[in-house]
Amino acid sequence: MSTDKIRIFDTTLRDGEQSPGCSMNLGEKIRMARQLEFLGVDIIEAGFPIASDGDFQAVRAISEACETATVAGLCRTTELDIARAAEALKKAKRSRIHTFVATSDIHLEYKLQKTRKEVIEMTRHAVRLAKNHADEVEFSAEDATRSDVEFVCEVFETAVAEGATILNVPDTVGYTLPGEYANLIRTVKERVVGDRDVTISVHCHNDLGLAVANSLAAVEAGARQVECTVNGIGERAGNASLEELVMALVVRADKMPYEHNIETTQIYPTSQLLSSIISFGVQPNKAIVGRNAFAHEAGIHQHGVLSNPLCYEIMTPQSVGVPSNHIVLGKHSGRHALVARYNELGYELSPEEVALVYPRFTALADKKKNVYDQDLLAILPAPWPTLMAA
Ligand code: KIV
Ligand code: ZN
């Protein structure tokens, strides 16, 4: 693998889905997975198979449905967890078992009631077992950023010795700072990875609003997989937001010249699709995908943008797939305008699909003052229309 390629590991359907207001049913998860592949993510963490029958079914169905992305299933270190993940991933074209155990003293004492020696043994046993049941194994040291670094390195060394090829360094509680996290990544790289073919992964929570900054600092220090979610959903304050991470890499390629597989024009449609499925959207001033992300109200700004958008825009709305036309869709809009907007959102509708969706649209427009893009995605009939290449 090129060392300058960043792999995007999307955990919208696992870490994201397990947070309040974000649950999805099976059909919604499959639809989201299909869109994530279209967006170009490298790995889709589809769920935590032992957690519930719903999660198991979702990982199984997404494993079958995915064509290009690796599908990952999360598990603790127990045999039962690993067996359930292995079973759910059976049909994946490329499967990954993601096993984790906490390494911080606080988790060992109060949550696991295990000694460090026991955690080493749990790691050894889990990775050895998982290695027989998936194409690759990722190991996570939960709460790594509040753990003794010597111990984290020892646990990681054990995981690599048993065959894990991805080592994830989660900032589980969103506690770390960019410089500190970069140092931790450098330490893991020097002391554990060396010149072995092992990828360092990062997984940052946003409790201090630093998830993206920490992830980028880690990339500069040598991490080559970034775990993130669409719209930054996830436990508590969420995970690192995929759209912010990717666009930071794109816009600041002068400082961070890394390759990735993301089709950036699918960012906005993916964000809107997620908002249409879960119970909340993004705040208007959310970077990249918020309603105001490309809006200019102040006179000086408007004048600048009209003279040259570069005065106040560091990326174009088109580059992230924000529709460029300003036609407002409402109850007087016709089929042509509706179809054009769907095209801009990346969907090609057949005449039959238009016939189905148009009455739904007019009924909605009768009830709602503003029909947003996420509303349009919510009323598309299943199985959903063809996605168009950008
Ligand atoms: O935040 C975390 O530590 C996690 C792990 C399971 C990777 O989500
Ligand atoms: Zn997490």
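Being within 16 Å of ligand 1 (Cβ to nearest atom) and buried (at least 24 other Cβ atoms within 10 Å of the Cβ) is the filter here; which residues of segment 10-36 pass it? If you could, list the steps in order and put the result at the bottom.
Of segment 10-36, the ones within 16 Å of ligand 1 (Cβ to nearest atom) are 10-20, 22.
ASP10, THR11, THR12, LEU13, ARG14, ASP15, GLY16, GLU17 - these are the residues of segment 10-36 that are within 16 Å of ligand 1 (Cβ to nearest atom) and buried (at least 24 other Cβ atoms within 10 Å of the Cβ).
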Quick one: in segment 37-54, which of the residues that are among the charged types (D, E, K, R) and free of Cβ contacts under 8 Å to residues at least 40 places away in the same chain is surrounded by the most Cβ atoms within 10 Å (Cβ to Cβ)?
GLU37
Looking at PRO49 and the list (1) in contact with a helix residue (DSSP H, G or I) (Cβ under 7 Å, 6 or more places away or on another chain); (2) outside any loop (DSSP other than H, G, I, E, B), which single condition is not satisfied?
(2)
Within segment 1-46, how many residues are touching a His at 6+ places or on another chain (Cβ under 9 Å) and in a loop (DSSP other than H, G, I, E, B)?
4
When restricted to GLU142, GLU154, the only residue crowded, with 17+ Cβ neighbours inside 10 Å, within 16 Å of ligand 2 (Cβ to nearest atom) and among the charged types (D, E, K, R) is GLU142
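Please verify whether segment 339-352 includes one or more residues that are small (Gly, Ala, Ser), surrounded by fewer than 11 Cβ atoms within 10 Å (Cβ to Cβ), within 28 Å of LEU26 (Cβ to Cβ) and over 28 Å from the mean Cα position of the chain (by Cα). Explain how you work it out, then say what you get.
So in segment 339-352, the residues small (Gly, Ala, Ser) come out as 340, 346, 350.
Narrowing the set further to residues that are surrounded by fewer than 11 Cβ atoms within 10 Å (Cβ to Cβ) leaves 350.
Filter again for within 28 Å of LEU26 (Cβ to Cβ), leaving 350.
Imposing the further condition that a residue be over 28 Å from the mean Cα position of the chain (by Cα) reduces the set to 350.
Taking every residue of segment 339-352 in turn, at least one turns out to be small (Gly, Ala, Ser), surrounded by fewer than 11 Cβ atoms within 10 Å (Cβ to Cβ), within 28 Å of LEU26 (Cβ to Cβ) and over 28 Å from the mean Cα position of the chain (by Cα).
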Identity of the residue in segment 319-338, in contact (Cβ under 8 Å) with a residue 12 or more places away in the chain and part of a helix (DSSP H, G or I), that ends up surrounded by the most Cβ atoms within 10 Å (Cβ to Cβ)
VAL320
Which helices (runs of 4 or more DSSP H) sit wholly inside segment 160-274 and have at least 2 residues that are among the hydrophobic types (A, V, I, L, M, F, W, C) and within 16 Å of ligand 2 (Cβ to nearest atom)?
211-221, 242-251
Mind checking which pairs have a first residue in segment 81-98 that is closer than 13 Å to THR70 by Cα and a second that is assigned to a loop (DSSP other than H, G, I, E, B) and within 15 Å of ligand 1 (Cβ to nearest atom), Cβ under 9 Å, 6 or more apart or different chains?
LEU89/PRO49
Looking at (1) in a loop (DSSP other than H, G, I, E, B); (2) more than 24 Å from LYS5 (Cβ to Cβ), can you tell me which one VAL155 breaks?
(1)
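When the residues of segment 63-114 are narrowed to those that are of a type in the set (A, V, I, L, M, F, W, C) and within 16 Å of ligand 2 (Cβ to nearest atom), which ends up surrounded by the fewest Cβ atoms within 10 Å (Cβ to Cβ)? It would help to see each step written out before you state the result.
First pass over segment 63-114, keeping only residues of a type in the set (A, V, I, L, M, F, W, C): 65-66, 69, 71-72, 74-75, 80, 82-83, 85-86, 88-89, 92, 97, 100-102, 106, 108, 112.
Still in the running and within 16 Å of ligand 2 (Cβ to nearest atom): 72, 74-75, 100-102.
Working: ALA72: 33, LEU74: 26, CYS75: 26, PHE100: 22, VAL101: 24, ALA102: 24.
Out of the qualifying residues, it is PHE100.
Okay, residues lined up against (1) of a type outside the set (S, T, N, Q); (2) within 16 Å of ligand 1 (Cβ to nearest atom); (3) touching a residue at least 12 places away in the same chain (Cβ under 8 Å):
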site	(1), (2), (3)
GLU154	yes, no, yes
ALA159	yes, yes, yes
GLU162	yes, no, yes
THR172	no, yes, yes
ILE185	yes, yes, yes
GLY194	yes, no, no
THR199	no, yes, yes
VAL202	yes, yes, yes
ASN206	no, yes, yes
Of ARG291, ARG252, ARG236, which residue is over 14 Å from the mean Cα position of the chain (by Cα), surrounded by fewer than 23 Cβ atoms within 10 Å (Cβ to Cβ) and within 16 Å of ligand 1 (Cβ to nearest atom)?
ARG236
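Every read-out reported here was derived from the displayed coordinates using simple, explicitly stated rules and does not represent laboratory data. Because the structure is a prediction, the values reported are computed rather than measured. In this analysis, Cβ positions are derived from the backbone assuming ideal geometry, glycine residues included, and neighbour counts consider all displayed protein chains.
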